[in-house]
1. How many residues are under 22 Å from C:Pro27 (Cβ atoms), more than 10 Å from chain C (Cβ to nearest Cβ) and in a loop (DSSP other than H, G, I, E, B) if we restrict to the stretch B:211-263?
2. I need a count of the residues in the stretch C:263-291 that are more than 13 Å from chain B (Cβ to nearest Cβ) and in contact with a Phe, Trp or Tyr (Cβ under 9 Å, 6 or more places away or on another chain).
3. Just one of B:Ala25, B:Ala34 is in the same structural domain as B:Gly88 (by TED's automatic domain parsing), hydrophobic (A, V, I, L, M, F, W, C) and part of a helix (DSSP H, G or I); which is it?
4. So if I check each of C:Ser105, C:Ser77, C:Ser50, C:Ser136, which one is over 20 Å from C:Lys290 (Cα atoms) and facing chain B (nearest Cβ under 10 Å)?
5. Scan the stretch B:80-93 for residues that are crowded, with 23+ Cβ neighbours inside 10 Å, outside any strand (DSSP E or B) and more than 11 Å from chain C (Cβ to nearest Cβ) and jot them down.
6. Scan the stretch A:128-148 for residues that are without any contact (Cβ under 8 Å) to a residue 60 or more places away in the chain and crowded, with 17+ Cβ neighbours inside 10 Å and jot them down.
7. Being part of a helix (DSSP H, G or I) and more than 13 Å from chain B (Cβ to nearest Cβ) narrows it down to one of C:Phe118, C:Phe111, so name that one.
8. Consider C:Pro170 carefully, then state whether it is part of a loop (DSSP other than H, G, I, E, B) and crowded, with 19+ Cβ neighbours inside 10 Å.
Amino acid sequence: MRTEIKIGGFGGQGVILSGYIIGRAASIYDNKYATMIQSFGPEARGSACSAQVIVDPNEIAYPYIVQPQILIVMSQEAYTKFSTELAPGGILITEEELVNPINLRKDVIHYSIPATRFAEELGKRLVVNIVMIGFMTAVTELIDPEAMQKAVIASVPKGTEDLNLKAFNKGYDYGLKLKKEKAS
Amino acid sequence: MKSDPKAVLTGAHFLDGDHACSEGAIAAGCRFVAGYPITPSTEVVERIAERFPLIGGVFIQMEDEIASSIAIQGAVWAGKKAMTVTSGPGFSLMMEHIGLAAMTETPCVFVDVQRAGPSTGLPTQPAQGDMMQARWGSHGDYGIIAISPNSPQECFDLTIKAFNLSEQYRVPVLLMMDECVGHMTERVIIPPAEEIEIFPRRFYDGPKDEYLPFKPDEDLVPKIVKAGDGYRIHITGLTHDEKGYPVMTAAAQEKLIPRLVNKIKFNAEKIIEYKEDNIDDADVVIVSYGITSRVAIPAIEQARKEGIKVGHLRLIVVWPFPEKRITQLAGRVKSFVVPELNQGQIFYEVERNAYGKAPVYLVPHAGGTVHNPKDIYNTILKSLKGK
Amino acid sequence: MDEQILEIEESIPVNPIESFLRTDRMPHIWCPGCGIGTTVNCFTRALETSGLDLNKVSVVSGIGCTGRVAGYLNLDSFHTTHGRPIPFATGLKLANPELKVVVYSGDGDLFAIGGNHFIHAARRNLDMTVICVNNSIYGMTGGQVAPTTPISATASTTPHGNFEQPFNLPYLADSCGAVYVARWTAFHVRHLTKSIKEALAKKGFSFIEILAPCPTLYSRRNKLGDGLDQMIYYKENSEIKHGADTKSVALDFQSKIIVGKFVDRDRPDYLTLMNEHYQKKFGDKYTPYKG
C-alpha cells in the first residue's frame, strides 16, 4: 500500500535529511519504492520547511503526496500548518517540547517524543532528526529498522556514524516502549 | 565503446533528478561543463563541480548562459564531450547557440530543467512550457532532438542517450527535464561501466588532404575532426559549402539547410522512442511526456477500473515527434487526450498528425505544480462524449 | 610541356604570407583602404617568427568586418556568433590547453555585445591573445555608433554627432587584469608585428588594440578623407609611450593617439591556478589537468 509521509519543522533541524533517510532506507535497503520531494524556494530557506516521502511496495506514479498517513512535526508552525492534512486514522508524531498539540484531532493516533532533549543528552542537538526517525520507525513499523540504520550510516557525515546510530536507537527504543504502553 | 569505470558510480543510489543527470553526463564521457546558476537546474552543475576535479573534467561557471552555451562548443571542437545546464530564462538566452550548434553540426547537450514561465515566472515550480521553444527556438530551419525523462533513473539513462544521439547525428540534443523530476529523489541504479554503451565521436580517419568537414556520409551526417590535428578547419555559422567555407548564395543554402533538417527527419524512426501501455484495445489514448506521464497514471487506472479502454503513449523522445504512430492510431481510436504543464504545445503536434480522424483534447495547466489526476480523468470522459 | 609549366610557376612572385592564408577564399570582402588586412599581414608575420606549431594555433572570431579574419587564415579557425568569440575560445582552450588560442575581432563585437565576456576572461586570466581591430564604428552593418566611437564623431545612428563616452580599451583591459596590454595603429606595422609576437608568447590574457581606418563608413562620414589620409593622421598624431598609465590613453575625436606597450606583468593563468589549487586541496589524488 502507498504510504505518504510529511515531515515539517524549521531550518537547521534536518527535516530534509530525515525525509532523505526514510526514502533511502525504503528504496535501497528495504526492497520498496520511495519518492521524496522537498519544498524549495524562499520558504525552504526561511524558518519553515518540509519534506514529502512516499513509500510503496509498488512503483510510484503520482509523485506528490495527497493526504499523508504519517505526519512528523518538529515545530509549532508545522503542526498548525499541516495537522489538518493528516488522513483520518493516520499517525501524528510530534516533538514533545517544541509542539503543543492544541486542538488535537481525535481521529488520529498521536505519539510524541522529547527528541531535542534526547539529542542534547547524547551531546549533539543536531541529531534531533535522527532521534525522530528512529522513533517513527518504531511506532509506524513502515520500514525495516535495519534498513533504516543502514540508511542513517550511509547518509550522515563521516565520523558521526556512531553518534547518529545512538540517536536512532534512542528514538527507536523510546518508540517501542511507548507503543507497548499504548497497547497494554 | 564503453564508459570509464574510474568515473562511474556503479551501484544503487537515492538521487534527485538533477544529480542523476550529472552522473549520466559523467557516465556518457562528458568532461567539460559550462553553466550559470539558475533554479531549479543548479544542482546539476553543483554536483559536476564537486565530481569533475578528480575525474579529469573541467567545469567553469561562466558569466551568463550565452557564454555557457558557446563555451561548450569551443570545448567540443577541441575534442571534449560537453554540456550546459539551465532553466527557462537561461534557455531563452541560449537559443542563438542552439542554432550555431545545429548549423556547425557540433555534438553537444543542453539540459533545460523547466520551470513555470514566461519570464521569471515560478522559479521553484514545474512546467513543461519550453517544449515548442526546444523545437523551434533558434531562428531558421534545422533538425533537433529533444528527450523528456520522467524520473531520476531516466535523468541518468536519458542523459547518456542524449550524448549518444548528439554524437551519432552531430546535433545539439536537448534534455527537457522539469522541476518536479529534477528535484524528486528516487532510487537510481547506475550500472557497471562496461554495461554503459557510449557512441563514439564520428572522427574522420581518411587521407588528410581529402577531408571535407561538411561532406555527409550516407546517413547525411558528416565526419568530424578537432582543432590541433592539422586539418586547418574553418567552422562558421554562415551558410557554408562542404569545405566549411562561407558561400552566400541561395544554391548553397538549398544544399545545406535541407540536409540539416533531413538528417533528423530521415533518421527519425531510429531516433524516436516512446512507450505504450494498453494501446491495442484503446478507445482513448493519453499522449504524455515527462512528469505528466506519471501524473496521468492514476487517471488511466481509474478509468480502466470503470471499464473505459484507455491506453497510454508516453513520449521519451519528444523531437522528432512520432508522427506516423499518431496518424496510425488516429485511424482507430475514438480520441486522444494530451495533458501537459502548459497551455497547449505537444497537443497541437498530436492534433496535426491526427489529421482530423480523431479529436484531440488538451488538459492544460499553467504550471506551478502538476495536474490533479481528476482533471485528466474528467477529460477522458469528456473526450468519449464528444464534447 | 612539364618544363614549360614549371617555368611559368617560377615566374609568379609568391606573397610571403600566402601560406598563412586560404587563398582559395580570395578576394576578401574588405574595402579598399580598410586597415584590417594590414593587421592580418602583421599577425601572420608575427606567427611566422613565433616558433609556434601552426597546427596548434586556433583563431576565433565573432561577427563583423574583423570577424571575417578567421575565415581567411589557413589555421584552425572559428567564425562564431556576434560577441561570443571569447567564451568559445574559453571552451577551446580549457578543453585542450595545448592549443594557442587567438581571438581576433572588432570593437563592436568584443566591447558592446561581447563586453561582459571580455572583462571576465581578463579577470580569470585565461591564456589567450585577444586582438581587437578598432575602427571606431560598426562597419559590416553600415556605420553605426560603437562603444569606441569618439565623442562628436558622426555615425549612421548618431547623425547629429556622438555624445556617449567611449571606452578607453587599454584601461579597461588593464583594470580587469590582462597581463599584456598594447595599442598600435594600422600604420605601426613593425611595432604591431613585434607586439603580437610578444602577446603570443605571453602566458595569460593578452590584449592588443589596433586602430584601423574604416574609409567607407567612418572616415567618409566624418570628412576625414580616405584610408591613406587616415594613415597620415596616425603617423603624424601618434606618440609611442611604453608603460604609459592606461588611464591617460583615452581617445578623443582626431586627437593625439598614445600607442605602445602599456602593461606587461605576470600573473598565473586560469589553468595554472586551477591545477595548483586542486593539488593543494586533493594532494596525490589529483592528476594535474592537461586536457
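1. The qualifying residues number 5.
2. Taking the stretch C:263-291 and keeping what is more than 13 Å from chain B (Cβ to nearest Cβ), we get C:263-269, C:272.
From the residues that got through so far, the ones that are in contact with a Phe, Trp or Tyr (Cβ under 9 Å, 6 or more places away or on another chain) too are C:263-265, C:267, C:269.
Residues meeting the conditions: 5.
3. Testing whether each residue is in the same structural domain as B:Gly88 (by TED's automatic domain parsing), hydrophobic (A, V, I, L, M, F, W, C) and part of a helix (DSSP H, G or I) leaves just B:Ala25.
4. Numbers: C:Ser105 fails: facing chain B (nearest Cβ under 10 Å); C:Ser50 fails: facing chain B (nearest Cβ under 10 Å); C:Ser136 fails: facing chain B (nearest Cβ under 10 Å).
C:Ser77 is the lone residue from the list that is over 20 Å from C:Lys290 (Cα atoms) and facing chain B (nearest Cβ under 10 Å).
5. Here is the first cut: in the stretch B:80-93, the ones crowded, with 23+ Cβ neighbours inside 10 Å are B:80-88, B:90-91.
Now drop any that are not outside any strand (DSSP E or B), which leaves B:80, B:87-88, B:90-91.
Matches in the stretch B:80-93: B:Ser87, B:Gly88, B:Gly90, B:Phe91.
6. Passing the criteria: A:Val131, A:Gly134, A:Phe135, A:Thr137, A:Ala138, A:Val139, A:Pro145.
7. Numbers: C:Phe118 fails: more than 13 Å from chain B (Cβ to nearest Cβ).
Sole residue among the options that is part of a helix (DSSP H, G or I) and more than 13 Å from chain B (Cβ to nearest Cβ): C:Phe111.
8. Details: part of a loop (DSSP other than H, G, I, E, B): no; crowded, with 19+ Cβ neighbours inside 10 Å: yes.
No: the conditions fail for C:Pro170.
The values are calculated or read from the model by the stated rules, or taken from the named source; none is laboratory data. Remember, predicted model here, so these are calculated numbers, not experimental data. In this analysis, Cβ positions are derived from the backbone assuming ideal geometry, glycine residues included, and neighbour counts consider all displayed protein chains.
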